[in-house]
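Since the structure comes first, as structure tokens, the remarks are kept for the end.
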Amino acid sequence: MRRPGRRPLPVNLIAGAVLTLLLAGMALVSLVWTPYPPEAMRIAIRLQPPSAAHWLGTDHFGRDILSMIMTGARNSLAVGAVAVGTGMAVGVPLGLAATSFGGWTDETVGRLTDLTFAFPAVLSAILITALLGPGAVNAILAIGIFNVAVFARVTRGAARQVAAREFVRAAAALGRGPAAVTLVHVLPNISGTLIVQATISFAVAILAEAGLSYLGLGIQPPAPSWGKMLNEAQTFMLLRPTLAIFPGLTIALSVLGLNLLGDGLRDLLDPRLRAGVRHRSS
Amino acid sequence: MTAFLGRRLLTLGLTLWLASVVVFVVLEVLPGDPALLMLGVDARPDTLAALRARMGLDQPAPVRYLAWTGGLLTGDLGTSHTYGVPVAELIRDRLAVTAPLTGLAMLVSMATALPLGLLAASRRGRPADYGVMAFSQLGVAVPNFWFGILLVLWFSIGLGWFDAGGFPGWSAGIGPALKSLTLPALTLGLTEAAILARVTRSAVLDILGEDYVRTARAKGLSRSAVMRRHVLRNALIPITTIVGLQFAFLLGGAIVVENVFFLPGLGKLLFQAISQRDLIVVKDAVMALAAMVVAVNLIVDVLYALIDPRPKAAS
């Protein structure tokens, strides 16, 4: 029986958590086990349909699709985690500094984020990876730079609202410095917003990485990546259409899970919170 | 209105100037030697020196920047190192694909999202509402390039209604050209419609809760008349803003989708130019894309001022 006064968990939170746990579980299992080595080529069994031996079939090099999708999950999650982590590590202090120091610091952070959003995000990411060369590290950098702007803007907006509240002004009136007030009073009160944004940004990062890899600018072969798998599947769509189905479905379910998780967390932490910014990659 | 337009034009100019500085610094100052990037580390020193002179790289950066932006203002965009033709000509040819594609995608997005958003808002909490919200969640989660591949699987390979890719050119006739843009426009438009449907639903629900809507209903106006005269007109304000913002996303999406459907558009040109290190084409194509985004933002601002007189009065 549910305790009186306790809100039930939002349905989207449960659905999102289940999908995200499945994704994380698949990535973790791939560290120790995959049905076949994901990079092992066996031309004799190329373009096989789904079967008992190869549940999702094989690609044009005879590689096992399920093993590639499992390893791709690991790569996607790693790129997403580092890109969002970088965005938070740089963007959150920038947003907090803008709020606590105000003046030209606030103005500079505001204008820098505006400038980042003036270009379509996919264009910026393509320019950065093209400039520095394709590869996982540069894809992380491209997605991370965009996330710095996202987190700086979200932190600045949320911190401003909290900074105007009486308990924060009281702390400042008692003689606490701006840095202490920000760290002790403002940051803990915006952590919910930041957690929600991190979840949504993670989903966007997975989409962005898949897009860059599809264009040949992200994770490089022979390391498996969902976007690259879709790119290669396009050539063999006539012969084996399922090649194009499974990697795309995995991306969509992963992003759906993270988005539902973000929406659910937002509903759970504060139903009035509607500040989660879903900046897309395209 | 004139002062408002003047201010907006000034902002437009300022944004484009800032964009030109960023593009120039990123492409010509940060990476080191663009000629080396084009020819590779194994290039012979005399070949490298000749290319550097041809690209004007022996000049200081400020001189190169002024020469480039001066050319942009006078319509002389330089010559492509790869294609050997004027960049202005290349961009004009490619825009003949990208501009109609983006316009069609916008039409698809609005024609799908507005009725769906209205339906969801008027049936709040019912199956139709949940259906529209599920469509919206899926639309955000599905990568546009995968959706494009699925459309090719169903409509080109399965049913044989459309070609899997390519563009016959406008000289082949409007019918064949539009036919080849149909699947790419659906790919771009339907994924954007998912966001717009959600915004429309939310905007309509906000307006439906306003006192003047209740008053209009109380004085005897029918539900459809209230929807048409009061709700839709007011909901158009946030919807117009999002439609303007979506243009940038559509252009970004076009870069990827043109690659899925092998369309010779501006996105494909940009991608090829990046691969071939044709920096003058990259710089000019990025500026063309940025100019399109800010021009559409200006149009949206003017439309916004026409729909809602309040910002104009306040300014």
Applying the Karplus parametrisation 6.51 cos²θ - 1.76 cosθ + 1.60 with θ = phi - 60° to the phi angles of the range A:242-259, what ³J(HN,Hα) value in whole Hz is obtained for each residue in order, glycine and proline being reported as x?
4, 4, 8, 7, 5, x, x, 4, 5, 4, 4, 5, 5, 5, 4, x, 5, 5
For chain A, find the longest principal axis of its Cα atoms and tell me its angle to the long axis of helix A:121-132, 0 to 90°, nearest 10.
70 degrees
re the range B:1-110: pairs of Cα atoms spaced beyond 18 Å account for a percent value of 67 percent
Could you pull out every residue, at least 5 positions away or on a different chain, whose amide H is within less than 5 Å of the one on B:Thr79? Hs are placed 1.01 Å off N in the peptide plane, and Pro or chain starts have none.
B:Val87
Label-point separation, B:Arg92 to B:Asp76 (7 Å along Cα→Cβ), nm
1.7 nm
For A:Tyr36, other-chain or 5+-apart residues with amide H closer than 5 Å (H placed, Pro excluded) are A:Ser67
Applying the gyration tensor rule to the Cα atoms of the protein assembly as shown (axes a ≥ b ≥ c; rounded if a/c under 1.5, else prolate if a/b exceeds b/c, else oblate), the class is rounded
With just the Cα atoms defining each centre, how far is the range A:85-154 from the range B:164-231? Give it in Å.
32 Å
What helix-only [θ] at 222 nm does chain A give? Using -39500 (n - 2.57) per DSSP H run of at least 4, over all residues, to the nearest 500, the answer is -23500 deg cm²/dmol
Built amide H within the under 5 Å cut-off of A:Gln220, gap 5+:
A:Ala136
Taking the range B:217-308, which trypsin sites (Lys or Arg not before Pro) meet the DSSP loop condition and have no more than 10 other C-beta atoms within 10 Å?
B:Lys219
Out of the range B:116-201, which trypsin sites (Lys or Arg not before Pro) are coil in DSSP terms and have no more than 16 other C-beta atoms within 10 Å?
B:Arg123, B:Arg124
Karplus 3J(HN,Hα) series, Hz, for the range B:76-92 with 6.51 cos²θ - 1.76 cosθ + 1.60 (x for Gly, Pro)
8, 8, x, 10, 5, 6, 7, 8, x, 10, x, 5, 4, 5, 4, 5, 4
How do B:Met292, A:Met41, A:Met68, A:Met88 line up, fewest other C-beta atoms within 10 Å first?
A:Met41, B:Met292, A:Met88, A:Met68
Those aspartates and glutamates that a straight Cα-Cα span of less than 12 Å connects to B:Lys179, excepting residues fewer than 8 apart in one chain:
B:Asp163
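What is the average number of partner chain Cβ atoms found within 10 Å of a Cβ in B:187-198? List each step's numbers first, then the result.
Details: counts 0, 1, 0, 0, 2, 2, 0, 0, 2, 0, 0, 1.
Going residue by residue through B:187-198 and averaging, the value is 1.
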Can you spot the aspartates and glutamates whose alpha carbon is less than 17 Å from B:Lys219's alpha carbon? Ignore those fewer than 8 places along the same chain.
B:Glu210, B:Asp211
Would you mind ranking A:Glu209, B:Glu192 by Cβ crowding within 10 Å, fewest neighbours first?
B:Glu192, A:Glu209
The range B:46-53 - phi-based ³J(HN,Hα) in whole Hz, Karplus 6.51/-1.76/1.60, Gly and Pro as x
5, 5, 4, 5, 5, 5, 4, 5
Along the charge dipole of the protein assembly as shown, which of B:Pro168, A:Ala52, A:Met88 sits closest to the positive end, that is, farthest toward it, with unit charges on the beta carbon of Lys, Arg, Asp and Glu (+1, +1, -1, -1)?
A:Met88
Candidates B:Val199, B:Val296, B:Val22; GNM for chain B (alpha-carbon contacts under 10 Å) flags as most fluctuating B:Val22
Among A:Thr58, B:Thr74, A:Thr129, B:Thr79, which comes first, then next, by fewest other beta-carbon atoms within 10 Å?
B:Thr74, B:Thr79, A:Thr129, A:Thr58
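Bear in mind that the values in this text are calculations on the coordinates, not laboratory data. Given the structure is predicted, the values throughout are model-derived calculations rather than measurements. When we count neighbours, we look across all protein chains shown, and the Cβ atoms used for this are built from the backbone with ideal geometry, even at glycine.
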